[in-house]
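Undergrad: Following this message is one structure expressed as structure tokens.
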Amino acid sequence: QVQLVESGGELVQPGGSLTLSCEASRQIVTFNVVGWYRQAPGKQREFVGRITGSGRTHYVDSVKGRFTISGDTAKNTVYLQMNSLNPDDTAVYYCYAHAWPREYWGQGTQVTVSS
């Protein structure tokens with residue numbers, strides 16, 4: 001059973017930066033895609049971004065230029081670097097990984113952007 005464990009969520013001030021980590025229980029190169037979703041209170045889960053096995057990235061428009069996804073194969077970890085955070089980024093952030101035909105999800109990590 002594949003496990004994904006997110007970490008790094010915390011309270012941060014508007015304009016600040018934060019890096020989330022998603023550590024997988026197996027080599028990340030075995031996944032087609034690893035990415036991030038988020039869910040704010042009272043809202044549906046929203047796609048944030050993803051990275052493919054070839055290293056290509058894709059982001060939702062609202063985070064383009066502010067968020068960056070990268071991977072460290074030696075640590076089996078995918079990162080979500082978040083800059084210029086604003087209160088609208090407050091949410092539980094979930095890591096997911098897709099390896100056909102299965103999809104795996106982490107338990108989520110809370111990010112709160114507030115002064």
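The values are calculated or read from the model by the stated rules, or taken from the named source; none is laboratory data. In this text the structure is predicted, and so the values were computed from the model without any measurement. Neighbour counts are summed over all protein chains in view; Cβ atoms, including those assigned to glycine, are modelled from backbone coordinates with ideal geometry. Heads up: the accessible areas ignore ligands, DNA and RNA and are worked out on the full protein's heavy atoms, side chains in. Shrake-Rupley method; radii C 1.70, N 1.55, O 1.52, S 1.80 Å.
Undergrad: On the protein heavy atoms, probe 1.4 angstrom, tell me the percent of accessible surface of region 1-105 carried by carbon and sulfur.
TA: 46
Undergrad: Also, I was wondering about something else. Can you tell me, using C-alpha contacts under 8 Å and at least 6 residues apart, the relative contact order of the chain as a whole percent?
TA: That works out to 37 percent.
Undergrad: Just how many % of Cα pairs in the chain lie over 19 Å apart, if you round to the nearest whole percent?
TA: Summing the P(r) of the chain above 19 Å gives 39 percent of all pairs.
Undergrad: How much accessible area does residue 94 have with a 1.4 Å probe, in Å² rounded to the nearest 10?
TA: Number for this one is 40 Å².
Undergrad: How much accessible area per residue does the chain have, counting only protein heavy atoms and a probe of 1.4 Å, in square angstrom?
TA: 55
Undergrad: So for the pair residue 40, residue 25, with labels modelled 7 Å out along Cα→Cβ, what separation do we get in nm?
TA: Going by the 7 Å Cα→Cβ label model, 3.3 nm.
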